1. Consider Ala128 carefully, then state whether it is in contact with a helix residue (DSSP H, G or I) (Cβ under 7 Å, 6 or more places away or on another chain), at pLDDT 90 or above and farther than 20 Å from Arg47 by Cβ.
2. Restricting to region 1-23, and then to whatever is in contact with a helix residue (DSSP H, G or I) (Cβ under 7 Å, 6 or more places away or on another chain), part of a loop (DSSP other than H, G, I, E, B) and in contact (Cβ under 8 Å) with a residue 24 or more places away in the chain, can you tell me which residue is farthest from Asp36 (Cα to Cα)?
3. Of the conditions (1) of a type in the set (D, E, K, R); (2) farther than 20 Å from Thr8 by Cβ; (3) surrounded by 12 or more Cβ atoms within 10 Å (Cβ to Cβ), Asp100 satisfies every one except a single condition; which number is it?
4. Tell me which residues, restricted to region 60-79, are assigned to a loop (DSSP other than H, G, I, E, B) and either at pLDDT 90 or above or surrounded by 20 or more Cβ atoms within 10 Å (Cβ to Cβ) (or both).
5. So, in region 32-42, of the ones that are within 10 Å of Ala73 (Cβ to Cβ) and among the hydrophobic types (A, V, I, L, M, F, W, C), which residue ends up farthest from the chain's Cα centre (by Cα)?
6. For region 1-13, which residues satisfy the criterion of being at negative phi and either buried (at least 18 other Cβ atoms within 10 Å of the Cβ) or in contact with a Phe, Trp or Tyr (Cβ under 8 Å, 6 or more places away or on another chain) (or both)?
7. Has region 80-87 got any residue that is at pLDDT below 95, in a loop (DSSP other than H, G, I, E, B) and aliphatic (A, V, I, L, M)?
8. Of all residues in region 88-145 being among the small types (Gly, Ala, Ser) and assigned to a helix (DSSP H, G or I), which is farthest from Leu35 (Cα to Cα)?
Amino acid sequence: MNDTHLVTTNGASVGPLTSISRPYAAQIRRFLDLLDGDTRWAFSLWRAPEGVHLMDIDLDRFPQAYLQSAGSAQAMVIEVRFIEDDGIARRYAVGHPNGDYAGEPTVSIPYRSNEAAVRVYPSEVFDAAEAADIYDHYFQTDRVPADYVLRPLDPQHSTHHTQGSTP
């Protein structure tokens, strides 16, 4: 398999990210532009396991690290999952720097035809254009750009990371 990354839509459909019809960055942007919160409500990007054909990937084990979004092209959340140096997978919400993280998250981003929603801080809401830039950086580096904040989502971690590229 020559494709280095796979995409998952709505948590179910998995396929390779290709550049057949448009460049990778434009293809990612297209996926994000199509999010409507109803029939298309989630998108994730993850590195394909090396040397494993798409049909042979064990989806109970993969993806281990990913960048994913839920919501619509106008308002979505972005979450990243890293396998950190200690071997433990940790999830983070991606946010803009200088956001107010006091108290509980106040913004609700609905998805799956309003059957579900995720609550985030105002600085953790993105549109498709900005999200596409973050996804393109992740596609190239396996990291979120360093100028974004990563807020731990796992209960055992409560500190804010200020550098997106470092898990």
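The values are calculated or read from the model by the stated rules, or taken from the named source; none is laboratory data. Because the structure is a prediction, the values reported are computed rather than measured. Positions of Cβ are backbone-derived with ideal geometry, glycine not excepted, and every protein chain shown enters the neighbour counts.
1. Yes, satisfied.
2. Met1
3. Only one criterion is unmet by Asp100, namely (3).
4. Listed by number, the residues that qualify are Pro63, Ala73, Gln74, Ala75.
5. Looking at the filtered set, the residue picked out is Leu34.
6. Matches in region 1-13: His5, Leu6, Val7, Thr8, Thr9.
7. No, because not a single residue in region 80-87 is at pLDDT below 95, in a loop (DSSP other than H, G, I, E, B) and aliphatic (A, V, I, L, M).
8. Taking the candidates together, the pick is Ser123.
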